[in-house]
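Written out below as structure tokens is the structure these notes cover.
The values are calculated or read from the model by the stated rules, or taken from the named source; none is laboratory data. Just so we're clear, the structure is a prediction, and the values are computed from it rather than from any experiment. Cβ coordinates were reconstructed from backbone atoms using ideal geometry, including for glycine residues, and neighbour counts include every protein chain displayed. Note: accessible area is taken over every heavy atom of the protein model, side chains too, but ligands, DNA and RNA are not part of it. Shrake-Rupley method; radii C 1.70, N 1.55, O 1.52, S 1.80 Å.
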Amino acid sequence: MRDFSRDISALALNTATLGHNVEGAGAGWSPERTIDACAERGYGGIVFWRREIGARAARIAAHARAAGLTVAGLCRTPFLVGPLAPQGRQAVMDDVHALIDMAAELGAPVLTIVTGGVQPGTRGVTDSLRLVTDRVAEAAPYAASRGVRLALEPLNPVYGGDRSCLTTLRDALDICDAVGAPNLGVAVDVYHVWWDTDLPRQLARAGDRILGYHLCDWLADTSDVLLDRG
């Protein structure tokens, strides 16, 4: 295992670590200030959230390059399904395309997909995962044309109702297999998948389809399932 105690140049800071992805939270820093702080501390890359970028993707990308940082990824697409998704299929796909364009303008090679929760009017997760598969299949060719890879991120089952009907790496890889797009893979976040007894087998199955790996642990006494992380 690589020792990062003296050299973190292989790591990218996800700005969610600073709370910038949550309205009214975080340090209130501009993307440029965050980039400079990461560069000063020796990070090699940075991952932004869409709300930080707005219409300034090209300018932010230029600042990162000048600081010697790689924009390693962008979080995240709109929810594809579920109660928090945009209303209607076309609205969902239009927003997905807009985020693909943002990733391309940032020079971010990977756009993370968080699927959204169970589709209203359905039961369980099976129908919702079918819808996710269909919408990812529609988005993948456009992402490929923009030089962007898509990474399906399964979330902890506690989010199943509203944020993610996709809760296992197995189901994420099943979607990848069904879609069959070379620019589609998975993002693995320790916080979300640590509990899964099938994880070692699914990681081996994923192979080079792992497009992102998040170091973020679950606390035994977690009290806020979104923000209370180790």
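A few points about this structure:
- Of all the residues in the range 94-113, those that are touching a Phe, Trp or Tyr at 6+ places or on another chain (Cβ under 8 Å) and open to solvent by 10 Å² or more (accessible area, probe 1.4 Å) number 1.
- Scan of the range 133-155 for residues that are outside any helix (DSSP H, G or I) and either small (G, A, S) or crowded, with 20+ Cβ neighbours inside 10 Å (or both), ordered by number: G147, V148, R149, L150, A151, L152, E153, P154, L155
- Considering residues of the range 191-219 that are open to solvent by 40 Å² or more (accessible area, probe 1.4 Å) and of a type in the set (V, I, T) only, the residue farthest from A140 (Cα to Cα): T197
- Test: residue in the range 125-136 that is among the basic types (K, R) and either within 13 Å of the chain's Cα centre (by Cα) or more than 21 Å from V186 (Cβ to Cβ) (or both): no
- Every listed requirement among (1) over 13 Å from the mean Cα position of the chain (by Cα); (2) surrounded by 21 or more Cβ atoms within 10 Å (Cβ to Cβ) is met by T222 save one, (2).
- Residues satisfying the stated conditions in the range 28-87, i.e. of a type in the set (D, E, K, R), open to solvent by less than 40 Å² (accessible area, probe 1.4 Å) and over 20 Å from the mean Cα position of the chain (by Cα): E32
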